[in-house]
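Presented below is the structure to which this report refers.
What follows is calculated from the coordinates using simple rules that are stated; it is not laboratory data. All values derive from a computational prediction rather than experimental measurement. Neighbour counts are summed over all protein chains in view; Cβ atoms, including those assigned to glycine, are modelled from backbone coordinates with ideal geometry.
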């Protein structure tokens, strides 16, 4: 597999992560923000698996940690989307810029 | 005997020689071999669906003391081909307010998900496109795209029935996905591998079939698989009397045909997976291996058809309660029993 | 091993190609005479009424929430099931604890009445 | 270019393009579909990294569960799918600046760092090794994950309980009728 090495994967991961950051900063919609966060989670997972593949190939520790990350991301999505539903019930909308009840 | 593995090897070698003669590298050889294999599987899948549609109509008719299709061909055998040609000529109506892109891609996703499963189904001795090492898990994960396909169809159609049908269907399919996966886990505890090829290889003798050690697991799988295919008694998503045609309401012509194709293909898939996991796959005496595989799988499909004319449709609340309050605990009990059984048996 | 998955890519590609060609063929063969009535949303012959997305039932959503949790659990069960026979009793107890904790969650949801489709 | 590089660049292009559409698409449902595409591409990257089990887990959990849940959530909050509503806030410029700056810093440091690449062979990635690790070295995190999932489950149940959550079409602040009354009526 000449050509493609660890750095390529990490670069891909960095690009996806930054797209996620951009989305998280600019989305008004709570679900859109969550999607951006999922993108960031995935970017991190790519680095974990890439390091597992190229730096410590003998043990698959990186993959195990990636599985934990996926599980945590799923748990996060579950609770976050339940909260989104609640916000929608309360505000009749899920524009995060208008959700300000935590400010006071 | 009439084993096909030799033939497959000859064709594979032929492609190898031909492509190499053209001066192209080994990657091209593999690519052409795979394309040929995929094309063969595609043709096989189409034929299977044509047969299953005809068979379903015949079986249904017999259950109701009717004859079923009789006009086109002997016993109406080429009726489905006529129907397919008719569907091909039907106007593709795209309703005005649909979300065009998603409306277009929904049948594609549904069909491709149904087809991609066949990468790792062992049809017979040497008849498996690629024996992926995550075999059964690959099948479970690729079939989740079916849910996405029907959600896309339901959302994009801009139709109340389609939307409700799509989301009902999604809720049902995911609810039954958990018990189904847990039933598979029971088998995996015995096989210690996910590869479909190896699972078949472990069940060469009749008494080695995993159904004998996983009867409860098989029952759970059977019920969950019926629900996954949206078959009666779990056909709520397409309950014609309340939801018109569910998520396919706004689809016509070939686009509708793709959903139809995928549905029958999925039926064949769950029967094939049941054959592989519980009934020894293509193992069997005298007859060639692919014949055994087809016999077992078609018997499985027949059971699904039989269900359709035996049980009335469930209510949506019964459907959900059944999955979460009965099937899921039962699947956990099955896993615990299997674990205990293995532990006691080994020591 | 990695190359095995080339088969998946080929299947996906060929599947998409097949569907697109079929659609193209159908488009060439079939008539096309759209009119506003034909293109209107189907509602059993009545004129379409109101927007399509109304009264979506929140109960679907709660089931989906519970499903996500159990789906994650299933994914953890698979590697355990493969390694089970080589690990013995300790693995069994570990998994019992794992399952028991989630069963507790299911029981909680059951008791709270979320699993009920009232 | 060999097949492996080709596969990598194709997948990378797919992921990045889909990810850009996720954050810029005007229709949130389209975002969800592009997200599924991006996540599927990431599964492909896992396959290239010889982690097929992880790829399957990725598809099962992200595509099959998390994305589906998001689509359900979009459904429940349907009005936001309307194209006429603005979907980005005033921070587009700042956001672009921040993310591009971050990208530049990360990529620069990545290409400067010499990583200790090891050429040791990898164990097969079908899950058996992962299972053994989960139950030996990672037993504690493994059990904690189940507690976390329990927490998520209870949290979701508490937040989205039926007496708190109303159907979308109903006016706010009217309690749902009790099931018993419904039956009696």
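Just B:169, B:195, B:46 to compare: in a GNM of chain B, with alpha carbon springs under 10 Å, which one fluctuates most?
B:46
Give me D for the stretch B:101-214 in µm² s⁻¹, whole number, from Stokes-Einstein with Rh from the Kirkwood sum over alpha-carbon pairs, 4 °C and 1.567 mPa s.
82 µm²/s
As a footprinting exposure proxy, order D:154, B:134 by other Cβ within 10 Å, with the fewest listed first.
D:154, B:134
Can you sort B:336, A:33, B:248 so the residue with the fewest Cβ neighbours within 10 Å comes first?
Least to most surrounded, the residues fall as B:336, A:33, B:248.
Just need the relative contact order of the stretch A:6-91 here, percent rounded to a whole number, with Cα pairs under 8 Å and 6+ apart.
Reported as a whole number, the value is 28 percent.
Sort out for me the Cα centre separation of the stretch B:284-340 from the stretch D:1-35, rounded to whole Å.
38 Å
Compute a Gaussian network model of chain B, connecting alpha carbons closer than 10 Å, and tell me which residue from B:313, B:231, B:66 fluctuates the most.
B:66
Using Cα pairs closer than 8 Å and at least 6 residues apart in sequence, work out the relative contact order for the stretch B:270-347, in percent.
21 percent
With a ≥ b ≥ c the root eigenvalues of the C-alpha gyration tensor of the protein assembly as shown, is it rounded (a/c under 1.5), prolate (a/b larger than b/c) or oblate?
In terms of gyration-tensor shape, rounded.
Which three extents, in angstrom, do the Cα atoms of the stretch D:1-82 have along their principal axes, listed largest first?
47, 24, 11
When a footprinting reagent is the concern and you count Cβ atoms within 10 Å, what order do B:302, B:123 take, fewest first?
B:302, B:123
Can you tell which of B:187, B:41, B:32 shows the greatest fluctuation in a Gaussian network model of chain B with Cα springs below 10 Å?
The residue that fluctuates most here is B:32.
Rounded to whole Å, give me the distance from the Cα center of the stretch A:3-36 to that of the stretch B:153-231.
For the stretch A:3-36 versus the stretch B:153-231, the Cα centre distance is 34 Å.
When the Cα atoms of the stretch B:34-108 are enclosed in a convex hull and the volume is divided per residue, what value in Å³ results?
151 Å³
Hull surface divided by four, with the convex hull built on the Cα atoms of chain A: how many nm²?
7.9 nm²
May I ask for the angle, rounded to the nearest 10°, between helix A:6-26 and the longest principal axis of chain A, with both axes built from Cα atoms and the value confined to 0 to 90°?
Tilt of helix A:6-26: around 10 degrees.
What Rg and what Dmax come out for the stretch B:192-347 when only alpha-carbon atoms are used, in angstroms?
According to the Cα coordinates of the stretch B:192-347, Rg and Dmax are 18.0, 61 Å.
Counting helices only, and only those DSSP H runs with n ≥ 4, report the 222 nm mean residue ellipticity of the protein assembly as shown as the sum of -39,500 (n - 2.57) divided by its residues, in deg cm²/dmol to the nearest 500.
Using -39500 (n - 2.57) per qualifying helix, the result is -22500 deg cm²/dmol.
With an 8 Å cut-off on Cα pairs and a minimum separation of 6 or more residues, tell me the relative contact order of the stretch B:5-346 in percent.
21 percent
Per residue of B:254-261, count partner chain C-beta atoms within 10 Å of its C-beta, then hand back the mean as an integer.
3
Take the eigenvalues of the Cα gyration tensor for chain B, scale each by 5, and report the square roots as semi-axes in whole Å, largest first.
Working from the Cα gyration tensor, I get semi-axes of 31, 29, 21 Å.
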